[in-house]
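What follows draws every value from the coordinates through simple rules; no lab data is involved. Remember, it's a predicted structure, so these values are computed and weren't measured experimentally. Positions of Cβ are generated from backbone atoms using ideal geometry, with glycine treated the same way; all protein chains shown enter the neighbour counts.
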Amino acid sequence: MGQGKGSLLIHTRDYVEREHGRDVWSSLVEGASDADQVVLKELWLRGGWYSIGVINRVVERLCYDHGRMSAEEEMRQLSAYIADSDLGTVYKMVLRMGSATFLVKRTGSLWNRYFDTGDMRPEQVSERHWRLRLHMAYGDEVAPNDLFCGPGCPSWIEMGLRLTGAEDAKVEHVECRRHNREACVYDVTW
């Protein structure tokens, strides 16, 4: 069973309450299965590990059932919020003094800050062009779902790159493990 960091739950709840209201967060919790409610009602630790299945389901229900835009755009907004919120002040200062290359080279370790499954490997194509390969299992209980690998991951990386000063950063999800590919592949340019 895969796990995700508590910061994902904390920032998801904060995003929902800020953008949609506390009623929507309450609806997400109350509409969850009894087992998921146990997790969703407990006090989370930012650095604690929680079932990826619970995280997948609450994010999916937010995006598909309560989003004010398409599910993909809602996930992009949520992921940008998580990136901006989770990259603490000190880390943001390091990013601003660093470079886009500094961030992209570290995407593997950044991925592992959130998930205990999967392996993100960066590969430089040219000076401002990288390709990231995310190898991981497929299944809602063992790994982040399609919303995370599709619109979520690119949005998180784009926000991180913008924090380094790369305002024109663009990340495209060009291959996906859910379409019988070996890995999710992201084309990163700035």
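When every alpha-carbon pair in region 88-189 is counted, what percent end up more than 21 Å apart? That fraction is 30 percent.
Kindly provide the Kirkwood hydrodynamic radius of region 3-84 in Å, to one decimal, from all pairs of distinct alpha carbon atoms.
Numbers: mean 1/r = 0.0796 Å⁻¹.
12.6 Å is the Kirkwood radius here.
Between residue 172 and residue 1, the FRET efficiency from the beta-carbon distance, with R0 = 30 Å, is close to 0.50.
Dipole of the chain computed with +1 at Lys/Arg Cβ and -1 at Asp/Glu Cβ about the Cα centre; of 142, 11, 104, farthest Cα towards the positive end is 104. Taking the centroid of alpha carbons for each part, region 1-44 and region 142-167 are 20 Å apart. Around the Cα centre of region 3-84, unit charges on the Cβ atoms of Lys, Arg, Asp and Glu (plus for the first two, minus for the last two) sum to a dipole of about 240 debye.
Taking each DSSP H run with n ≥ 4 as -39500 (n - 2.57) and averaging over every residue of the chain yields -14000 deg cm²/dmol at 222 nm.
The C-alpha atoms of the chain define a longest principal axis, and helix 71-86 lies at about 80 degrees to it.
Of all stretches in the chain that contain no trypsin sites (Lys or Arg not before Pro) in a DSSP loop with at most 16 other Cβ atoms within 10 Å, the longest one is 129-180. In whole percents, the pair-distance distribution calculated for the chain from its alpha-carbon pairs, binned every 5 Å from zero, is 1, 8, 16, 21, 21, 16, 10, 4, 1, 0, 0.
Between the listed residues 33, 44, 58, the Cα displaced farthest toward the positive end of the dipole of region 3-84, a dipole computed from Cβ unit charges relative to the Cα centre, is found at 44. Under the simplified labelling scheme, the residue 102-residue 128 pair shows an inter-label distance of 1.8 nm, with each label point 7 Å from Cα along Cα→Cβ. Summing Cβ point charges (Lys, Arg +1; Asp, Glu -1) relative to the Cα centre of region 137-184 gives a dipole of roughly 40 debye.
Order these by the 10 Å Cβ neighbour count, fewest first: 186, 114. Mind dumping the intermediate values first?
Numbers: 186 23, 114 20.
So the residues, fewest neighbours to most, are 114, 186.
Residues whose amide H comes within less than 5 Å of that of residue 142, counting only those at least five positions distant or on another chain, are 2 (H built at 1.01 Å from N in the peptide plane). Taking Cα centre as origin and charging only the Cβ of basic (Lys, Arg, +1) and acidic (Asp, Glu, -1) residues, the dipole magnitude of the chain rounds to 660 debye.
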